[in-house]
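Worksheet: the structure to be examined is printed underneath.
The values are calculated or read from the model by the stated rules, or taken from the named source; none is laboratory data. Predicted, not measured: the structure shown is a model, and the values here were computed from it. Every residue, glycine among them, receives a Cβ derived from its backbone with ideal geometry; neighbour counts consider all protein chains shown. Accessible surface areas use protein heavy atoms only, side chains included; no ligands, DNA or RNA. Shrake-Rupley method; radii C 1.70, N 1.55, O 1.52, S 1.80 Å.
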Amino acid sequence: MGRFALLLLLAFASFQALCFAADDDTVFYDSFDEPFDGRWIVSDKDDYKGVWKHSKSEGHDDYGLLVIEKARKYAIVKELNEPVSLKDGSTVLQFETRFQNGLECGGAYLKYLRPQEAGWKAKEFDNESPYSIMFGPDKCGATNKVHFILKHKNPKSGEYVEHHLKYPPSVPSDKLTHVYTAILKPDNEVRILIDGEEKKKANFLSADDFEPPLIPAKTIPDPDDKKPEDWDERAKIPDPNAVKPDDWDEDAPMEIEDEEAVKPEGWLDDEPEEIDDPEATKPEDWDDEEDGEWEAPKIDNPKCETAPGCGEWKRPMKMNPAYKGKWSAPLIDNPNYKGIWKPQEIPNPDYFELDKPDFEPIAAVGIEIWTMQDGILFDNILIAKNDKVAESYRETTWKPKFEVEKEKQKAEDESTDSDGLSAVQKKVFDVLYKVADIPFLSEYKLQILDLIEKAEKQPNITIGVIVSILVIMLTVLFRLLFGGKKQPKVEKKPEVAETSNNQSTSGEKAEEEEKEEEKEGTAAPRRRRRDT
């Protein structure tokens, strides 16, 4: 019994030791369970008018630091009790962020600032404030990456240079909470994790991993070296002894008429390919003096749809077997070829050796961003000296939230409305309706709308409808690019619906609005150019 009690005491002591070790390894942590006022300092600089809010993460009771206004610059900073050295052992930088309204253009990265002796004040925190590391997601336009930037002092020049991680991971494109982790190891390795999964591993001293590299090249091209005038870089040259064959006809055309072709049976010689739209009417506001003589827009001749073709039949063209094109002498190896000229290499006067990066300590954590988005939430900002601590926080603070959000998102994607459409399909149809309103597709608007309506009734043919609309778009683009006739806009005769005498005012208004929409949906008729 005594031995069991001793073992239990030792086990408890070991557990306490592990807990204290974890506490010792946690340098800084803010869960934002309490309001940030008094702990974080908002910049007073004029450019930074974005308002921060202590707010719950959507769908959770967990609080965070929320960006609540669009098209603003934001700056807020938290000074640490003591600067953190990045030269001693491992250092882990971790935080959570969530784009509650999605992300189209905005950053959600953190800056880990140098001590204030470097020349900055908390109330004046801005994009010029000196930092050691910048880390986190950023997406806008062509930019889509998780930044990792080390600001390193050049030992020769004394200047601080930004060294960007090459080929960083991209930003998850959803509205879920994600956790970003950067692990700086004592062997010069840095690992970037998203949601606990390693997305990038790099070496601080490798020229393949950072741009510009921390260690300059040993040699550089001699700026004073010039290419000799007689240096020949042509690997191949035309054979000077080659002669054009006597039977080479340079004037033979590439294509000729196919004399063996026969006009298809049923070809309608007297029918035009296009006819005036019989349903088109001259607009009431058309001014012949101002707009010229009105012409009905053209439509495809319906008689041609069932015939092999309409109009004057011409023999098709085929490749000319006698065509050879312009003659040119064949290429031979250049006997004077010396290769591609490069200046000779000389020792780089700016070269220096480096065993480890000369990391500057971290004295504060700041968020300094410009964003067109609102709804960006920051939470659970951590600096630790042990990656196991970061892993523990991911398991206890991030993962439960993420699992709830993921299940909710899955349910929304799988949910259907009364028409049997999933949330994803509804978004697709919203986009397709916008496509139908594109001006250069006006001729095909009714056809496109008909396809969309069929797909809404039969969701299983959605993909086929998308393909059909893409074919229409490509056809129109082809006609525009290669001389096709741009179709005029069409003025349709309005269809008058039968109404009862006791129809309500709101019903009449709805009918008027429907006519207006129909009027806007149809295109204007073609105008004839007037002679001047």
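Okay, here's what the table says:
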item	result
Condition met for Asn127 (under 28 Å from Ile215 (Cβ atoms) and open to solvent by 30 Å² or more (accessible area, probe 1.4 Å))	yes
Test: residue in segment 81-98 that is of a type in the set (A, V, I, L, M, F, W, C), buried (at least 20 other Cβ atoms within 10 Å of the Cβ), free of Cβ contacts under 8 Å to residues at least 40 places away in the same chain and closer than 18 Å to Gly366 by Cα	no
Conditions (1) open to solvent by 80 Å² or more (accessible area, probe 1.4 Å); (2) outside any loop (DSSP other than H, G, I, E, B): number failed by Asp270	(2)
Residue count, segment 274-315 (criterion: in a loop (DSSP other than H, G, I, E, B) and either closer than 30 Å to Asp246 by Cβ or among the hydrophobic types (A, V, I, L, M, F, W, C) (or both))	4
Any hit, segment 343-364, residues being in the same structural domain as Pro400 (by the TED database) and of a type in the set (Gly, Ala, Ser)	yes
Whichever residue in segment 165-192 is small (Gly, Ala, Ser) and touching a residue at least 40 places away in the same chain (Cβ under 8 Å) and, among such residues, is least open to solvent (accessible area, probe 1.4 Å)	Ala182
Number of the exception - Trp120 against (1) in a loop (DSSP other than H, G, I, E, B); (2) free of Cβ contacts under 8 Å to residues at least 12 places away in the same chain; (3) surrounded by fewer than 19 Cβ atoms within 10 Å (Cβ to Cβ)	(3)
Answer from Pro302, Pro297 - the residue that is under 45 Å from the mean Cα position of the chain (by Cα), open to solvent by less than 100 Å² (accessible area, probe 1.4 Å) and either under 30 Å from Glu250 (Cβ atoms) or free of Cβ contacts under 8 Å to residues at least 40 places away in the same chain (or both)	Pro302
Residues of segment 14-35 that turn out to be more than 16 Å from Ser392 (Cα to Cα) and at pLDDT 90 or above, as a count	4
Filter result for Glu456 (more than 30 Å from Ile183 (Cβ to Cβ), among the acidic types (Asp, Glu), modelled with pLDDT under 65 and surrounded by 14 or more Cβ atoms within 10 Å (Cβ to Cβ))	no
Positions within segment 193-215 being surrounded by 20 or more Cβ atoms within 10 Å (Cβ to Cβ) and not in a loop (DSSP other than H, G, I, E, B), in sequence order	Leu193, Phe210
Enumeration of residues in segment 135-147 that are under 15 Å from Phe378 (Cα atoms) and either open to solvent by 20 Å² or more (accessible area, probe 1.4 Å) or polar (S, T, N, Q) (or both)	Asp138
Output for segment 250-267, where each listed residue is surrounded by 11 or more Cβ atoms within 10 Å (Cβ to Cβ) and charged (D, E, K, R)	Glu255, Glu257, Asp258, Lys263
Residue ID - surrounded by the most Cβ atoms within 10 Å (Cβ to Cβ), chosen from residues in segment 399-422 that are at pLDDT 70 or above and of a type in the set (Asp, Glu)	Glu405
Checklist (1) open to solvent by less than 50 Å² (accessible area, probe 1.4 Å); (2) assigned by the TED database to the domain that holds Asn154 applied to Asp239, failing item	(2)
Yes/no for Glu162 being open to solvent by 30 Å² or more (accessible area, probe 1.4 Å) and closer than 24 Å to Leu80 by Cα	yes
Cβ-Cβ under 7 Å pairs, at least 6 apart or on other chains, segment 35-51 side in a loop (DSSP other than H, G, I, E, B), far side among the charged types (D, E, K, R) and open to solvent by 80 Å² or more (accessible area, probe 1.4 Å)	Ser43/Lys123; Ser43/Glu124; Asp44/Lys123; Asp44/Glu124; Lys45/Glu124; Lys49/Arg72; Gly50/Arg72
Unique match (being more than 15 Å from Asp358 (Cα to Cα) and modelled with pLDDT of 95 or more) among Tyr180, Tyr167	Tyr180
Any hit, segment 155-168, residues being in the same structural domain as Gly107 (by the TED database), touching a Lys or Arg at 6+ places or on another chain (Cβ under 6 Å) and within 30 Å of Glu403 (Cβ to Cβ)	yes
